[in-house]
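Here is the structure we will look at, set down as structure tokens.
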Number of protein chains: 2
Amino acid sequence: MALIVQKYGGTSVGNPERIKNVARKVAKFQAAGNQVVVVVSAMSGETNRLIALAKDVATSPEPRELDVVVSTGEQVTIGLLCMALHDIGVKAKSYTGAQVRILTDSAHTKARILNIDEAPIKKDLDEGNIVVVAGFQGVDEHGNITTLGRGGSDTTGVALAAALKADECQIYTDVDGVYTTDPRVVPEARKLDTITFEEMLELASLGSKVLQIRSVEFAGKYKVKLRVLSSFQEEGEGTLITVEEDQNMEQPVISGIAFNRDEAKLTVLGVPDKPGIAYQILGPVADANIEVDMIIQNVSQDGTTDFSFTVSRGDLDKATKVLESVKAHIGARAVVSDKTMAKVSIVGVGMRSHAGVASQMFRTLAEEGINIQMISTSEIKISVAIEEKYLELAVRVLHKAFGLDVAA
Amino acid sequence: MALIVQKYGGTSVGNPERIKNVARKVAKFQAAGNQVVVVVSAMSGETNRLIALAKDVATSPEPRELDVVVSTGEQVTIGLLCMALHDIGVKAKSYTGAQVRILTDSAHTKARILNIDEAPIKKDLDEGNIVVVAGFQGVDEHGNITTLGRGGSDTTGVALAAALKADECQIYTDVDGVYTTDPRVVPEARKLDTITFEEMLELASLGSKVLQIRSVEFAGKYKVKLRVLSSFQEEGEGTLITVEEDQNMEQPVISGIAFNRDEAKLTVLGVPDKPGIAYQILGPVADANIEVDMIIQNVSQDGTTDFSFTVSRGDLDKATKVLESVKAHIGARAVVSDKTMAKVSIVGVGMRSHAGVASQMFRTLAEEGINIQMISTSEIKISVAIEEKYLELAVRVLHKAFGLDVAA
């Protein structure tokens, strides 16, 4: 008998019909001889509705009270799912984060899980119950309700799987697995049967929004077998996220291609080339809560240099304002920006043992006349910033060049 | 410094603007030198929305899980009200029923309060907080969320006032107090400054739906000073519900007139007049969960009698069916019904010491040609069943006859 933790996101429980569908799915799993713990999110739209209410009563909602309000979203779903299970004759019991108890620190709206008391859940499972746990929430040592921040339901699932030593943690979502790239851009994109945690982290942070990064880190740390599946398909094995690299001889060099459309580039021209200049420019940007992605400092000419970096397009105006005041302060010549940037990244643990991956990437793009404006690399990833209009073309040709297209 | 428990119902917190209004009201009370504990209901419509969701996923929602779902309504309100208080610079802290802890039995959807741990609330009050508690909910000894049933927020308010030994429990609602009768029927109806618990119980059970009966019983038992006020008016003392009768010489005999429109009368004709016959008729009616109100058994003639009683009009069809099968069983002649009945009751503790109240009531109705079909009496109440079309006339003439009209 296997112990499985299944997590269903907001879309999968988005209305009563879908909740009943999840109930049937879960019941089938139990009938097949498994013990099942289910983690659910709030019904889609519910968290946003509650946050909107909070913003209607307070200009800046107090975090402790925001958690009290927002945590009701998942509480409604656990109750509804258990009712639906009872209604088809299956024993089920719901738990809020406080009831489990999922102990967290007291950092309201972004709490971290410290400990989970798995004993009551094990007892319920042994008595034949399906146990349904509210995702995204916990309780601090003083009994205050906390939430883990957006996407925290994945983390709840993985943390429960770790605490219960579950055989597998299954994340049900609206896609049927992790793909080599977005199938809307490359119709030949292939679903991956397996992917490593490291690759998944790079793909997730680069915009393949299948899983919350934090939950993947958590799963990697506690060696939880994590699987991504579709909640809308009856069949399918999804994608298994593994600790070990696939030992298969045919392991491809590149596992997937991630991309992000909403990038913008800022360049400070004529910066005096002195130690500490990067901090003087990026410090105020960070203080303004703007996340910087790729950074390039050109070779110095005549004692000055050009300093470029990318930010989310939504942050461009704010960042430009910050830099205009920095410019005077450090004696730079000008600030210029380009808001039509995109980023493409190839990701794969195979890179480690294969030389020439970068040059193959650059050659492929050059052959299509796509100019590379910035480059950044990590051990298992190479990212380039290009003009946005070339984005789809770049992803398609790289997908083909690295042999990711579906076998004909 | 007084300790006040204030309860605001669903209409009073029905939208963000009203929640902000309650925050201002509560803050003003604290600024005037009081310690304030606030009990809130779910925003109006919210409980019904949650119950509808439950009925969408399960034909017969499991009670434990229904409580998990429905209790979120008040949880949202406590968080929103505390945020609104913080937003105007007032310290506030919210508590769910489980957090307080309001210990109840395990009778889900209709739990009874067993104990309240008042220590954490007192500590918060002493630290200058306004404490906001979710009405209508508690937690059983196993940590399961329970609810007290509809209208339970009033009971939470009174129970908290008793546990905290509060100086007063103020129930804010959409009326400004308890009236001698419904002002929509009698424009001359007067707001009462005080009323006894007993009178309030009779008026409440007879259709003046200002307060939940259970909370009034509770307040009477624990001698909590209870006051009904409007949440939409800045001024006004509302109506104080007292343990002692007003010692004022001018105390009127009658305090108020209650009425109920939706009554129906059933009569079983030609019932053999034998011991146990009332039980043989009413037993099956009770088994069908139909509440019987007034009951009359006529004087026996030739060994048979006619047996009449009233039920809610909505129960008439069901009750008729039950009686049809009872008829054959007990050998009665026929079952007839009248669905256009109404009930009018005069209520007052003054009745105890004044003879002739009943005869004055009957004479007043007779003078208007209103036929009395049934009569029932208690120590402080006389009820009559009449044809519905005479209802307004009856209430008006009785209101005037017993001196309840506003002094000109």
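Assorted remarks:
- Charge-dipole axis of the protein assembly as shown as Lys and Arg at +1 and Asp and Glu at -1 on Cβ define it, positive-most pick from B:THR156, B:ALA355, B:ASN34: B:ALA355
- Taking the DSSP beta bridges with both ends in segment A:3-174, the antiparallel portion is around 25 percent.
- Summarising the amide proton neighbourhood of A:THR194: residues at separation of 5 or more, or on other chains, whose placed amide H is nearer than 5 Å comprise A:LEU240.
- Near B:VAL132, the amide H atoms lying under 5 Å from its own belong to B:VAL38, B:LYS93, B:SER94, B:TYR95; only residues 5 or more places off or on other chains count, and H is placed 1.01 Å from N.
- Separation in nanometres of the label points that stand 7 Å from Cα toward Cβ, at A:ILE88 and B:ARG49: 2.7 nm
- Note, ³J(HN,Hα) from phi for segment B:129-141, Karplus 6.51, -1.76, 1.60, rounded to Hz, x at Gly and Pro: 7, 8, 9, 10, 10, 6, x, 6, 9, x, 8, 8, 5
- Computed over every Cα-Cα pair of segment A:256-401 and binned at 5 Å starting from 0, the pair-distance distribution P(r) comes out as 2, 9, 19, 19, 17, 13, 11, 7, 2, 0 percent.
- Relative to its residue count, segment A:16-78 spans a Cα convex hull of 75 Å³ per residue.
- Within the protein assembly as shown, antiparallel bridges make up roughly 60 percent of the DSSP beta bridges whose residues both belong there.
- Rg and Dmax of segment A:138-246, Cα atoms only, in Å: 14.6, 53
- Taking 7 Å steps out from each Cα toward its Cβ at B:LYS339 and A:ALA286 produces label points 7.7 nm apart.
- Nitroxide proxy distance, nm - points 7 Å out along Cα→Cβ at A:LYS389 and A:ASP273: 3.3 nm
- Secondary-structure-derived ellipticity at 222 nm for chain A, considering helices only, amounts to -10500 deg cm²/dmol, per-run term -39500 (n - 2.57) for DSSP H runs with n ≥ 4.
- Taken as entire DSSP H runs, the helices of chain B that both span 18 Å or more between Cα atoms along their own long axis and average 0.0 or more on the Kyte-Doolittle scale are B:72-87, B:316-330.
- Estimated FRET transfer efficiency when R0 is 22 angstrom, pair A:ARG184-A:LYS321 (beta carbons, to 0.05): 0.05
- Projecting the Cα positions of B:LEU3, B:VAL299, B:LEU192 onto the charge dipole of chain B (unit charges on Cβ atoms of Lys, Arg, Asp and Glu, taken about the Cα centre) puts B:LEU3 furthest along the positive direction.
- Partner lysines for A:LYS221 [C-alpha distance under 18 Å; skip if fewer than 8 residues away on the same chain]: A:LYS165
- Average beta carbon contacts from partner chains per residue of A:94-103, 10 Å cutoff: 3
- Net dipole in debye of segment A:256-401 [+1 Lys, Arg Cβ; -1 Asp, Glu Cβ; about Cα centre; nearest 20]: 200 debye
- Estimated FRET transfer efficiency when R0 is 25 angstrom, pair A:ASP193-A:LYS28 (beta carbons, to 0.05): 0.65
- Taking all pairs of distinct alpha-carbon atoms in chain A, Kirkwood radius in angstrom: 23.3 Å
- Rounded to the nearest whole Hz, the Karplus-based 3J(HN,Hα) values (6.51 cos²θ - 1.76 cosθ + 1.60, θ = phi - 60°) of segment B:265-274 follow the sequence 10, 10, 10, 9, 8, x, 8, x, 7, 10, with x at glycine and proline.
- In segment A:3-174, a dipole from Cβ-located charges (positive for Lys and Arg, negative for Asp and Glu) runs towards its positive end, and of A:VAL13, A:HIS108, A:PRO63 it is A:VAL13 whose Cα lies farthest in that direction.
- Bridging of B:LYS225 to aspartates and glutamates at a Cα separation below 16 Å is possible for B:ASP154, B:ASP167, B:GLU168, B:ASP193, B:GLU198, B:GLU199, B:GLU217, B:GLU237, B:GLU244, B:GLU245, B:ASP246, once same-chain residues fewer than 8 apart are set aside.
- Counted by neighbouring Cβ atoms within 10 Å, the residues B:VAL292, B:VAL36 run from fewest to most as B:VAL292, B:VAL36.
- Taking the Cα centre of segment A:3-174 as origin and assigning +1 to Lys and Arg Cβ atoms and -1 to Asp and Glu Cβ atoms, the resulting dipole is close to 380 debye.
- Seen from a random direction on average, the alpha-carbon convex hull of the protein assembly as shown projects onto 46.8 square nanometres.
- For chain A, the relative contact order comes to 14 percent (Cα pairs under 8 Å, sequence separation of at least 6).
- Antiparallel bridges, percent of DSSP beta bridges restricted to chain B (to nearest 5): 60 percent
- All lysines inside 16 Å of A:LYS55 as judged from Cα atoms, apart from same-chain residues fewer than 8 positions distant: B:LYS20
- Ranked for footprinting exposure by Cβ neighbours inside 10 Å, fewest first, A:GLU388, B:GLU199, B:GLU17 give B:GLU17, A:GLU388, B:GLU199.
- Computed over segment A:59-136, the ratio Rg/Rh where both radii use C-alpha atoms and Rh is Kirkwood: 1.05
- Residues whose placed amide H lies under 5 Å from that of B:LEU114, excluding near-sequence neighbours: B:LEU103, B:THR104, B:ASP105
- Electrostatic tally near A:ILE78: other residues with Cβ closer than 14 Å to its Cβ, Lys and Arg +1, Asp and Glu -1, net -3.
- Directionally averaged projected area (convex hull, Cα atoms, segment A:3-174), nm²: 9.1 nm²
- Residues of segment A:73-90 falling in the label zone of B:ASP56, defined by backbone nitrogen less than 17 Å from a point 7 Å along Cα to beta-carbon, are A:73-85.
- Of all the options B:LYS123, B:LYS110, B:LYS265, the one that moves most in a Gaussian network model of chain B with Cα springs shorter than 10 angstrom is B:LYS123.
- Rounded to the nearest 20 debye, dipole of segment A:24-104 from Cβ charges on Lys, Arg, Asp, Glu: 460 debye
- Violating pairs (Cα-Cα greater than 31 angstrom) within the set A:LYS339/A:LYS381; A:LYS122/A:LYS191; A:LYS25/A:LYS381; A:LYS223/A:LYS400: A:LYS122/A:LYS191; A:LYS25/A:LYS381; A:LYS223/A:LYS400
- Residues A:ASN15 and A:ALA358, FRET efficiency given R0 of 45 Å [Cβ-Cβ distance, rounded to 0.05]: 0.45
The numbers here are math on the coordinates, done by the rules we state, and not lab data. These figures come from a predicted structure and were not determined experimentally. Heads up, the Cβs are rebuilt from the backbone with ideal geometry, glycines too, and the neighbour counts pull from every protein chain shown.
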